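This report refers to the structure that appears directly beneath it.
No lab work stands behind these numbers, since they all come straight from the coordinates. Since this is a predicted model, take the numbers as computed values, not measurements. Here the Cβ is made from the backbone with ideal geometry for all residues, glycine too, and neighbour counts use every protein chain on show.
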Amino acid sequence: MGSRGSKFRDDTLDKYKNILPELDGWSYVHYINNLREEIKKQKWNDKTYEEFLKEKGWKRGKTSNPVDRICAWEKVQQDIFRAVMDSYSTTAFTWEEQAKTLLNEARKKHFRGQTCDIFNNNLYDESDKRITKPDTICDSHIVKGLCIPERRKNFDLKDFNKTLYDILSSNHGHVDQRHAISAVPMAIGSLANQVKSSIVDLKTKYAKTNEEICTLMRRTYADAMDILNTKDIYDNKLSINVQCMLKNISNHLIGDSSIDNLMKKYFEEEIEKKLRTNNVYEDDNNTKKCNLDDTSYTKKPQCLRFLEEWFEEFMQKKKIYEER
């Protein structure tokens, strides 16, 4: 495959050459096959990785959380994955497509399903990370004083923001098309996984009806499209950071790698598949598919969507209060 990638790729190849001497010639398939083998051998416990795990936040000691070790090893694997991806000129494989699932399964098997959320949040202050061109003023569409619905307040962009920042900053802030079409699908994939994980809880834990879940998913999709298209009006630091980064790479997001196409492939289709798997339809009679790209939401002004949803929440709270 050669050495067509960035300085980040070259530095990563050099860094891990002693433990992965054939890394320079790897394709995506090579990486996934090697990851499977290393998980099988529980290589996060291998002493050859220890110096790299320490760089990623792992600390040796009797009081350290054992899951921290595999979480640090996961960060090492993400670096290696991105270095391999930098060999591709246009193909945008994402971390979420296979690699993240394999590691989640490993944590579930060996660490009782513990997640890396606390670990990762300690390593990064996501809200202060953004990539901007020195001469760029990042305009926003913020409208202050809005009535923001709770669903949107809980819309978590930390992983999305961190993924964009990590990849776009990997070449000293110089962003080319390879970095752009690697970063955005991975970030969208992380957001899709977050939304997918909420579907089962909405149906079982919170006893939401099909119609209610479908409405929530459509509103979430419409908000995500506003953010990805840098039109979000919510005064939120993470959203502003994400939009600034996206504006600065918008010239690379064209054709098959346009925001609309990437959102369709890595968000819309993934969420709709999850909805069907869990028998979530537009109506409670299970006769209409819940398609996220519904013009009743995507074509409606965001401020009006917010107001309608906020008022629905207000009326629900009012009803609960009056029934006490």
Revision key, fill the gap. Under the helix-only model (-39500 (n - 2.57) for each DSSP H run of 4 or more, divided by the residues of the chain), the mean residue ellipticity at 222 nm, to 500 deg cm²/dmol, is -17000 deg cm²/dmol
Practice item. Report which label in (1) 18.6; (2) 16.0; (3) 19.5 holds the value of mean projected area of the Cα convex hull in nm² derived from the coordinates of this structure. Key: (3)
Check your understanding: What list do you get for C214, C71, C290 if you sort them by fewest beta carbons within 10 Å?
Key -> C290, C214, C71
Exercise for review: Specify the residue with the greatest mean-square fluctuation among I32, I80, I188, computed from a Gaussian network of the chain linking alpha-carbon atoms under 10 Å apart.
Suggested key: I32
Exercise for review: Would you look at the GNM of the chain, springs on alpha carbons closer than 10 Å, and say which of V280, V29, V76 moves the most?
Suggested key: V29
Point to revise | Of K56/K203; K237/K273; K153/K319; K158/K264, pairs whose Cα-Cα distance is over 29 Å | key: K56/K203; K237/K273
Check your understanding: Can you list the HN-Hα couplings for the stretch 68-83, worked out from phi with the Karplus curve (6.51, -1.76, 1.60; θ = phi - 60°), rounded to whole Hz and with x for Gly and Pro?
Key -> 4, 5, 5, 5, 5, 5, 5, 5, 4, 5, 5, 4, 5, 4, 5, 5
